[in-house]
Amino acid sequence: RYAGIMTPVNINGLSPDEAANSIAKFLKTYIKNPKVQVTIVDIPRPIIFVGGAVRTQGQIIIAPDTTLLDVLSKAEFTDNADLTQVRIIRHELVDGKDQSVTHYYNFEKFIKAKAGEKIDDSQNPVLKDKDKIYVQPKVLPGTGSIGVFGEVAHPQRDIPLRAGSPMTIREVINLSGGANAT
């Protein structure tokens, strides 16, 4: 941009020296002897988002080996948490397209194995940058339901309302996979 050129140069995955050489090579078309220096200003840290029946909602910085157990322990799931229906929403490539995919985990099979049964490690996945975790609150029978339609990832007809504290619009939209970009 400094040279008045708005064509992007892909430097993803390159070291600072490799990135500088790549940019200089591109600029040789426009400038006789370009001198390029690339410096890393900040390294983005991977974060996840957690909400629902937890005491600490919002962003949490994670390490490369952070698991669902680590996050739910830090966020402190409540007594009202339904750990049999923990959702992780992440972006994945599906048929070559980046899509939001929801995975369901029965976390109780990991933390409360029945006598004589093995702990199910598959219910404690390693988390990835930008994962969204939602811990479903327990639903008491007969409290009713709500439908969400329109510009959401997964329109739903019957989302059960929980007893006790009221649900917010944000929670209901998140239960439908979140709002679409449009």
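Brief remarks follow.
- Heavy-atom accessible area order for ILE40, ILE146, ILE133, largest first, 1.4 Å probe: ILE40, ILE146, ILE133
- Rounded percent of accessible protein surface that carbon and sulfur make up, the chain, 1.4 Å probe: 53
- For the chain, built as a Gaussian network whose Cα springs stay under 10 Å, the top-fluctuating residue of ASP120, ASP131, ASP82: ASP120
- The heavy atoms of GLU151 present about 110 square angstrom of accessible area, all protein chains included, probe 1.4 Å.
- Helix-derived mean residue ellipticity, 222 nm - over the chain, DSSP H n ≥ 4, -39500 (n - 2.57), to 500: -4500 deg cm²/dmol
- Surface per residue (accessible, 1.4 Å probe) for the chain, Å²: 69
- Estimated at the nearest 10 Å², the accessible area of ARG162 is 30 Å² with a 1.4 Å probe.
- The range 6-144, relative contact order [Cα under 8 Å, separation at least 6], %: 26
- Within a straight-line Cα-Cα reach of under 22 Å, LYS25 can be paired with the following lysines, leaving aside sequence neighbours fewer than 8 residues apart in one chain: LYS35.
- When the C-alpha to C-alpha distance is required to be over 19 Å, the pairs from LYS74/LYS114; LYS74/LYS130; LYS112/LYS138; LYS74/LYS118; LYS109/LYS138; LYS97/LYS130 that qualify are LYS74/LYS114; LYS74/LYS118.
The values are calculated or read from the model by the stated rules, or taken from the named source; none is laboratory data. Since the structure is predicted, the reported quantities are computational estimates derived from the model, not experimental observations. Surface areas here come from the heavy atoms of the whole protein model, side chains and all, with no ligands, DNA or RNA. Shrake-Rupley method; radii C 1.70, N 1.55, O 1.52, S 1.80 Å.
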